[in-house]
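What follows is one structure encoded as structure tokens, with my remarks underneath.
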Amino acid sequence: AAGACMGDGILMSIKNPERPKVIDQVRDDVNFAFWHSATFNQKANKVVFTDELGGGGAATCNAEIGPNRGADGIYDIVGKGDKRKLVFRSYFKIPRHQADTENCVAHNGSLIPVKGKDLMVQAWYQGGLSVWDFTDSERPKEIAYFDRGPLTTDTLQIAGSWSAYYYNGYIYSNEIERGLDVLKLDDRRTDPARRVHLRELNVQTQPDYFD
């Protein structure tokens, strides 16, 4: 199991669920402010940690903040058994500057099940949602996005996509002020995911799509 614990990221052994133990712990005192969530890739040999800089209420997707703060941190898991370690590889942040009236930071997302690829959809508050590829841990890249634009250009008001989850061919995004967005993903790189159907999805427990 992996956890984002506000001040750090942890990797745990839950082989014995009654006695879980932390086997590695990482910090990023330079660029991470608030470790918020942890997502494994399908093979469980990587973890994506998010930094919710500003607690979701600040405009952090701008030139002033830069590309590494309020971003994702991609970590490879190396080693075996209880000697596994988290090794930092890169940051990912949406490659667009948002208005200073838009709260924007990395937030909740889920995997897109394509065998042999590490693909994810993720919410960025008023940065919209982003579909990105981290198959190469050191060179993550965005492949699609959806952005409603600022709620207002006068003052900073809280709005935007709080979570974006992929489920049975569609992306479901909870927009804080403007309701539920349902988007169809149409791209040759993600099309194989349409063949994967689940009766239900709990993003927090992360199903094994190809067991």
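How many residues are closer than 21 Å to Pro140 by Cα and in a loop (DSSP other than H, G, I, E, B) if we restrict to the range 5-32? Matching residues across the range 5-32 total 5. Please work out if Gly127 is outside any strand (DSSP E or B) and without any contact (Cβ under 8 Å) to a residue 24 or more places away in the chain. When the stated conditions are applied, Gly127 does not pass them.
Cβ-Cβ distances below 8 Å connect the following pairs, each with a first residue in the range 79-108 that is over 25 Å from Ala63 (Cβ atoms), a second residue that is at pLDDT 95 or above and basic (Lys, Arg), and a separation of six or more residues or different chains: Gly79/Lys85; Asp82/Lys21.
Checking each residue in the range 178-196 for being without any contact (Cβ under 8 Å) to a residue 40 or more places away in the chain and in a loop (DSSP other than H, G, I, E, B) picks out Arg178, Asp186, Arg188. Which ones in the range 144-177 are part of a loop (DSSP other than H, G, I, E, B) and either under 19 Å from Lys93 (Cα atoms) or basic (Lys, Arg) (or both)? Passing the criteria: Asp147, Arg148, Gly149, Pro150, Ala159, Gly160. The residue of the range 56-86 that is nearest to Lys46 (Cα to Cα), among those that are surrounded by 15 or more Cβ atoms within 10 Å (Cβ to Cβ) and aliphatic (A, V, I, L, M), is Ile77.
The numbered conditions (1) of a type outside the set (Lys, Arg); (2) more than 23 Å from Tyr75 (Cβ to Cβ); (3) surrounded by fewer than 21 Cβ atoms within 10 Å (Cβ to Cβ) are all true for Tyr209 except (2).
Considering only residues in the range 146-163 that are surrounded by 17 or more Cβ atoms within 10 Å (Cβ to Cβ) and hydroxyl-bearing (Ser, Thr, Tyr), the one that is farthest from Asp118 (Cα to Cα) turns out to be Ser161. Determine the pairs where a residue that is touching a residue at least 24 places away in the same chain (Cβ under 8 Å) and among the small types (Gly, Ala, Ser), located within the range 144-157, has a partner that is assigned to a strand (DSSP E or B) and surrounded by 13 or more Cβ atoms within 10 Å (Cβ to Cβ) with Cβ atoms under 7 Å apart, the partner being 6 or more residues away or on another chain. These pairs meet every condition: Ala144/Val131. Within the range 98-153, the residues that satisfy the criterion of being among the polar types (S, T, N, Q) and within 19 Å of Asp181 (Cβ to Cβ) are Gln98, Asn103, Asn108, Ser110, Gln122, Gln126, Ser130, Thr152.
Here Ser130 meets each of (1) more than 19 Å from Ile94 (Cα to Cα); (2) modelled with pLDDT of 95 or more with one exception, condition (1).
Considered as a group, the residues in the range 103-124 that are of a type outside the set (S, T, N, Q) and touching a helix residue (DSSP H, G or I) at 6+ places or on another chain (Cβ under 6 Å) include one that is nearest to Asp72 (Cα to Cα), and that residue is Val105.
The values are calculated or read from the model by the stated rules, or taken from the named source; none is laboratory data. Worth saying up front: this structure is predicted, and the values here are computed from it rather than measured. Here the Cβ is made from the backbone with ideal geometry for all residues, glycine too, and neighbour counts use every protein chain on show.
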